[in-house]
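Readers should treat all values here as calculations from the given coordinates under stated rules, not as data from a laboratory. For clarity, every value in this text was computed on a predicted model and none was experimentally measured. Neighbour counts are summed over all protein chains in view; Cβ atoms, including those assigned to glycine, are modelled from backbone coordinates with ideal geometry.
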């Protein structure tokens, strides 16, 4: 075998960035499992009106607290049983997925937009504006997140929209700090200096040059932030400050089932499992994205 045959061909094309990303992402079985579960939950949420066997608000006084189908006394008409007023738990869980994911995505969207703008301005211009923004974020971070959300909702009043706003404020500092740190790193690079010398204005440098190179950590934080938003919104719903009955939000379902926990385990267990599995899936997905997007973690 000649020496030339052991060399990599000079004309070999480099891997496409998406192919390279998927290669590293798929190395993690946890990330793939998270992606599959998130995809299933998203499909159930999108097709809730078709997939759910019953209307989530439909009550039936003949099937109060019917256990799951595999348990004695259960019925195949209600696979996961019914609640205290005869509503089908499976249907409420499926519709609750739509509501919980809407909350998580809306909260992250608000936080990412506001946090990215504040962090970009603070990291680019520095000075007094940076000090004011970062001290405000530090004040928010010193307070327990759930307690701060409760205070905000107590001021604004209970309700789904106010709960989403409260959770957005609570998670905002994470996006501000990540964006500011990334912007400070990027503004010291040669391509930014070249853009300045070429006559580029501040807006062009910030949004055309710097911001596209700061998206990787924001994508990772956003995927993890959805799970945090779902948890906080469920906690507010459980306390009666978030989505209000008869909404099939998972935290509200847990609140409605508190008094039946000892004699009807299914009314508490299944909403709790839905929260657990969904939050775990988004966390696994976020870890996989971090490993694939951070070149320092690539093997």
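Assuming R0 = 41 Å, can you tell me the calculated FRET efficiency for the pair residue 262 and residue 50, based on Cβ-Cβ distance, to the nearest 0.05?
Working: r = 35 Å, r/R0 = 0.86.
So, using R0 = 41 Å, E works out to roughly 0.70.
What angle, in degrees between 0 and 90 and rounded to the nearest 10, separates the Cα long axis of helix 215-238 from the longest principal axis of the Cα atoms of the chain?
Value to nearest ten degrees: 20.
Using a Gaussian network model on the chain with a 10 Å cutoff between Cα atoms, which of 229, 274, 97 fluctuates the most?
274
Using only Cα atoms, find the angle between the long axis of helix 127-142 and the longest principal axis of the chain, and express it within 0 to 90 degrees, rounded to the nearest 10.
30 degrees
Arrange 262, 80 by Cβ neighbour counts within 10 Å, fewest through most, would you? Before the final figure, lay out each step's value.
On the way: 262 7, 80 20.
With the fewest neighbours first, 262, 80 line up as 262, 80.
Once the piece of chain linking residue 219 and residue 143 is laid out straight, how much longer is it, given 0.36 nm per residue of separation minus the C-alpha distance between them?
Details: separation 76, 0.36 × 76 = 27.36 nm, distance 2.51 nm.
Extra length from residue 219 to residue 143 when fully extended: 24.8 nm.
Rank the residues 266, 79, 70, 250 as a footprinting-exposure proxy: fewest other Cβ atoms within 10 Å of their Cβ go first.
So the residues, fewest neighbours to most, are 70, 79, 266, 250.
In 10 Å bins starting at zero, report the fraction of Cα pairs in the stretch 144-226 per bin as a rounded %.
All Cα pairs considered, the percentages come to 16, 34, 24, 18, 8, 0.
Neighbour counts of other C-beta atoms within 10 Å: give me 105, 94 arranged from fewest to most. The partial results should precede the final answer.
Details: 105 16, 94 24.
Sorted ascending by nearby Cβ count, the order is 105, 94.
Taking the Cα atoms only, what angle lies between the long axis of helix 145-156 and the longest principal axis of the chain, rounded to 10 degrees?
With both axes taken from Cα atoms, the answer is about 70 degrees.
What distance in nm separates the simple spin-label points at residue 181 and residue 102, each placed 7 Å from Cα in the Cβ direction?
Distance between label points: 3.5 nm.
From the C-alpha coordinates alone, can you work out the Kirkwood hydrodynamic radius of the stretch 118-186, in Å?
On the way: mean 1/r = 0.0783 Å⁻¹.
By the Kirkwood definition, the hydrodynamic radius is 12.8 Å.
Using a Gaussian network for the chain with springs between C-alpha atoms less than 10 Å apart, which of these wobbles most: 73, 159, 225?
Ranking 73, 159, 225 by mean-square fluctuation puts 73 first.
Once label points are set 7 Å from the Cα along Cα→Cβ at both residue 132 and residue 154, what is their separation, rounded to one decimal in nm?
Each label point is offset 7 Å from its Cα along the Cβ direction, giving 2.9 nm.
Along its three principal axes, how long is the stretch 161-299 when you only count alpha carbons? Whole Å, largest extent first please.
Extents along the principal axes, in whole Å: 72, 38, 17.
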